[in-house]
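Accompanying notes for the structure given below.
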Amino acid sequence: MQFQVSKELIQQVKHLIKTEEDVNLRDMLNETHFADVAEIISELNLSQATYLIKLLDSEKTSEALMELEEDFRERILENLSVKEIAEELEEMDTDDAADIVAELPDERAEKVIAEIEDEKRAEDIKELLTYDEDTAGGLMAKELVKVKETWTVAGCVREMRRQAENVTRVHSIYVVDKEEKLKGRLSLKDLLTASAKTHISEVYIPKVDYVDVDTEGEEVARIMQKYDLEAIPVVDHDGVLLGRVTIDDIVDFIKDEAEKDYQLAAGISQDVEADDNVWELTRARLPWLILGLFGGLGSVFIMEGFEEALNKYKELFFFTPLIAAMAGNVGVQSSAIIVQGLANDNVKGSLLTRLLKEISLSLISGVTLGILVIVFGFITKMEINFSLTIAISMLCVIIVAALIGTFVPIILNKKGIDPAIATGPFITTSNDIFGIFLFFYIAKIILGF
C-alpha cells in the first residue's frame with residue numbers, strides 16, 4: 001500500500017495551480033485524505049500553498065493545516081484574512097482551533113474569534129486558551145457526548161444523536177448529574193439492551209478514569225498508556241465535566257515532548273527546526289557550546305596543575321582523551337537510563353539503592369575494561385605500573401561518572417527541572433572534568449611524582 005504522495009501528483013498539483021484549473025484541482029483533492037493534502041501543501045511554496053488553502057473546502061483544509069509544520073502554517077495564516085481563518089476554525093475540534101488561535105498575534109486572534117459565527121464554539125476556544133498548553137486543560141477538546149443520569153434510555157438516544165453531529169469520534173458516553181458533575185460512563189451494549197423507559201441512573205457504570213484540568217500532560221499520557229484508554233474525561237476541581245483528551249492529542253504531545261527532550265539532550269536549549277534562520281539556531285545552540293568551552297578550559301587548568309607529571313610521563317597525555325571519553329560515555333549511558341525510567345515512572349526504590357546498583361554495574365564494567373587495558377599494555381610492552389594506572393583510573397572514573405549520571409537527573413527531576421538536560425553536554429562536560437582530575441590524581445599516587 002502506498003503511504004507517500006508521489007512526485008508526479010505533486011507536480012500535477014503545481015501545474016493545475018499554475019494554469020488555474022480550479023475545477024480539476026478540487027475534484028482531484030476533495031477525494032484525497034487530509035494527511036496527503038497536508039503533504040502536498042508542504043511541498044508547495046507559500047503562494048501556491050495559500051492558493052490551495054483558499055480553493056479547497058474548509059472541511060478538508062482545516063485538518064490538513066494541523067498536519068503542517070508550525071512555522072509553515074503560521075506563514076500561511078498570515079496570508080489568510082480574519083474571516084478565512086475563522087472559517088477554518090469552525091471545521092476543527094476546539095482543541096485544534098485553540099492551538100491555531102494561540103499561534104496568532106493577540107490582536108488578530110481576538111478578531112478571528114469575533115468572526116466565528118457559533119458563539120458557543122467561540123467561548124469554548126477562549127476557555128481552552130486560559131489553560132496551560134501542557135496540562136489536561138490545554139490538551140482537551142470540548143466536543144464529547146454526555147447524558148444526564150435522570151434521562152430515560154429513549155431520551156438519551158435522541159440527545160446522543162444531536163450531540164454526535166459535532167463529535168468526530170465517539171469514544172465514550174459520559175454520564176453527569178444535574179450540576180454537570182461526572183458520575184460515570186455508559187456502555188453502548190447496556191444502552192441497546194435496556195428498555196426505552198429505563199433511567200440512565202440504573203444502567204451506567206460509576207467507575208470511570210478521569211483527570212483534573214490542571215494535571216500535567218506527562219501524567220495524562222501515563223494514565224492513558226497504563227489503562228489503554230482512547231480518551232479520558234477532564235473535570236474541574238469540583239468534578240464538573242469540562243472536556244476530554246483523546247489518544248491522537250496524546251500521541252502528538254508525546255511526540256513534541258520527545259523532540260524537546262532529544263534537542264535538550266543534544267545541547268539545544270530551544271525548540272528549533274532545521275529550516276529556522278541562523279539567529280534562532282545560534283541562540284538555541286550557543287549556550288551549551290559556551291558551557292562546553294568553559295568545561296574544556298577547566299580541563300586545561302587541571303592538566304596544567306599536573307604539568308610535572310606530563311613532563312615525566314608524556315604517555316599520560318595520549319591517554320587523556322580515552323579517560324575523558326569513557327567518563328562521558330558512561331555518564332550519558334547512566335543518565336539516559338534514569339531519564340527514560342523517570343519518564344515512564346518506573347524508577348523505584350530509594351536514591352541510595354539506585355546508587356548502590358550503579359556502583360555494582362560500574363565495578364563489573366570497570367574491571368572488565370581495566371583487564372583489557374592491562375592486556376593491551378602487556379602486548380605493547382607498557383610498564384606494568386603505567387598499565388595499572390590507566391586501568392585503576394578508568395575504574396574510578398567509570399564509577400564516578402555512573403554515580404553522577406544517576407544522581408543528577410534524579411535530583412533535577414525532584415527540583416522540577418527537565419532531567420533530559422542531564423543526558424547532554426551538561427553531564428558530558430562535568431564528567432570530562434572529573435575524569436581528567438581523577439586520572440592525573442591517581443597517576444600521581446601510583447607513579448609517585
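The values are calculated or read from the model by the stated rules, or taken from the named source; none is laboratory data. Quick caveat: nothing in here was measured; it's all calculated off a predicted structure. Heads up, the Cβs are rebuilt from the backbone with ideal geometry, glycines too, and the neighbour counts pull from every protein chain shown. In case anyone asks, the SASA skips ligands and DNA or RNA and just uses the protein heavy atoms, side chains included. Shrake-Rupley method; radii C 1.70, N 1.55, O 1.52, S 1.80 Å.
Since Glu103 meets every condition but one in (1) farther than 25 Å from Gly243 by Cα; (2) open to solvent by 20 Å² or more (accessible area, probe 1.4 Å), which condition does it not meet?
(1)
Go through Ile302, Ile417, Ile399 for me and flag whichever is on the phi < 0 side of the Ramachandran plot, out of contact with any Pro (no Cβ under 7 Å at 6 or more places or on another chain) and open to solvent by 50 Å² or more (accessible area, probe 1.4 Å). Spell out how you get there, then give the answer.
On the way: Ile302 fails: open to solvent by 50 Å² or more (accessible area, probe 1.4 Å); Ile399 fails: open to solvent by 50 Å² or more (accessible area, probe 1.4 Å).
Among Ile302, Ile417, Ile399, only Ile417 is on the phi < 0 side of the Ramachandran plot, out of contact with any Pro (no Cβ under 7 Å at 6 or more places or on another chain) and open to solvent by 50 Å² or more (accessible area, probe 1.4 Å).
Let me confirm something: among Glu59, Glu88, Glu84, Glu74, which residue is more than 21 Å from Ala114 (Cβ to Cβ), assigned to a helix (DSSP H, G or I) and either open to solvent by less than 40 Å² (accessible area, probe 1.4 Å) or not β-branched (Val, Ile, Thr) (or both)? Quick ask: steps written out before the conclusion?
Details: Glu88 fails: more than 21 Å from Ala114 (Cβ to Cβ); Glu84 fails: more than 21 Å from Ala114 (Cβ to Cβ); Glu74 fails: more than 21 Å from Ala114 (Cβ to Cβ).
One residue alone meets the criteria, Glu59.
Within the stretch 367-384, does at least one residue satisfy the condition of being in contact with a Leu (Cβ under 8 Å, 6 or more places away or on another chain) and of a type in the set (D, E, K, R)?
No, the stretch 367-384 contains no residue that is in contact with a Leu (Cβ under 8 Å, 6 or more places away or on another chain) and of a type in the set (D, E, K, R).
Being open to solvent by 20 Å² or more (accessible area, probe 1.4 Å) and either without any contact (Cβ under 8 Å) to a residue 60 or more places away in the chain or not hydrophobic (A, V, I, L, M, F, W, C) (or both) is the requirement here; does Glu67 meet it? Step through it out loud before you land on a result.
Values: open to solvent by 20 Å² or more (accessible area, probe 1.4 Å): yes; either without any contact (Cβ under 8 Å) to a residue 60 or more places away in the chain or not hydrophobic (A, V, I, L, M, F, W, C) (or both): yes.
Criteria met by Glu67.
Which residues, counting only those in the stretch 7-51, are open to solvent by less than 50 Å² (accessible area, probe 1.4 Å) and not in a helix (DSSP H, G or I)?
Matches in the stretch 7-51: Thr32, Leu44.
From the list Val112, Val147, which residue is buried (at least 21 other Cβ atoms within 10 Å of the Cβ), over 27 Å from Gln48 (Cα atoms) and either over 28 Å from the mean Cα position of the chain (by Cα) or modelled with pLDDT under 95 (or both)? So that I can check it myself, show each step before the final result.
On the way: Val112 fails: over 27 Å from Gln48 (Cα atoms).
When all the criteria are applied, what remains is Val147.
Pick from Phe426, Phe440, Phe386, Phe378: which is over 18 Å from Leu361 (Cβ atoms), in contact with a Ser or Thr (Cβ under 8 Å, 6 or more places away or on another chain) and of a type in the set (A, V, I, L, M, F, W, C)? Before you say what the answer is, go through the steps one by one.
Numbers: Phe426 fails: in contact with a Ser or Thr (Cβ under 8 Å, 6 or more places away or on another chain); Phe440 fails: in contact with a Ser or Thr (Cβ under 8 Å, 6 or more places away or on another chain); Phe386 fails: in contact with a Ser or Thr (Cβ under 8 Å, 6 or more places away or on another chain).
It is Phe378.
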